[in-house]
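Written below as structure tokens is the structure these notes are about.
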Amino acid sequence: MGIPSYSVPKSLADTYKNLKLTQGSKSEKKMVTLKTADNKTFVVERSIVLISETIKHLIEDDCAEDVTLEKVLVFLKKHAPAMEFLYGPVEPTDEELEEVADDVMKFDTEFVEGLESDQLLFDLIFAANYLDISTLMELTCEVVGRKIRDMTPEQITEYLRIENDYTPEAEAKVRAGNAWALQ
């Protein structure tokens, strides 16, 4: 059994492993609670956190909802120890490698099967992109790829919420030029 190539950087996992956003009422200032790996907690105004381009993009694109961040953290918490084990100072045996790979693959399967909606799946793709978590990005994009594999172009367009900005004439011309792909 081949070992999948995972590369969640330890520093990234440590940096974001305890990030949690809290929502205030409209009359209150929105606050963000940042908790470091050594359990120090900082409650700051949302505007302060927006200085970080990564977190700013997450918030602006509505990817910073508690459920999305919670899922990202669950993913990182499972993958970070596996990375440390696989790339640590002691070289694991073949049996240990296979056990870790099986454990991570089982987790990944349960993780994506446990997603409540396609919207959460897309939110995780955006979060993985902004946070540069390649393993989460690959996993979630693979799920989307499997979902659209047997769809027609029209179904894919609808599923991915792609707006068709072609005129009927332009669309007919594109379809005629690419008829081989639509068979």
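The values are calculated or read from the model by the stated rules, or taken from the named source; none is laboratory data. A quick note: this is a predicted structure, and the numbers were derived from the prediction, not measured. Virtual Cβ from ideal backbone geometry, glycine too; neighbours counted across all protein chains shown. In case anyone asks, the SASA skips ligands and DNA or RNA and just uses the protein heavy atoms, side chains included. Shrake-Rupley method; radii C 1.70, N 1.55, O 1.52, S 1.80 Å.
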Completion exercise
Restricted to the range 115-159 and to residues being of a type in the set (Gly, Ala, Ser) and under 14 Å from the mean Cα position of the chain (by Cα), the residue modelled with the highest pLDDT is 117
Exercise for the section: Write out, first by first residue and then by second, each pair whose Cβ atoms fall under 9 Å of each other, whose residues are 6+ apart or on separate chains, and whose first residue, in the range 139-164, is closer than 13 Å to residue 118 by Cα while the second is polar (S, T, N, Q) and open to solvent by 90 Å² or more (accessible area, probe 1.4 Å). Expected result: 148/155
Practice task
Would you check if residue 91 is more than 28 Å from residue 159 (Cβ to Cβ), open to solvent by 60 Å² or more (accessible area, probe 1.4 Å) and part of a helix (DSSP H, G or I)?
Solution key: no
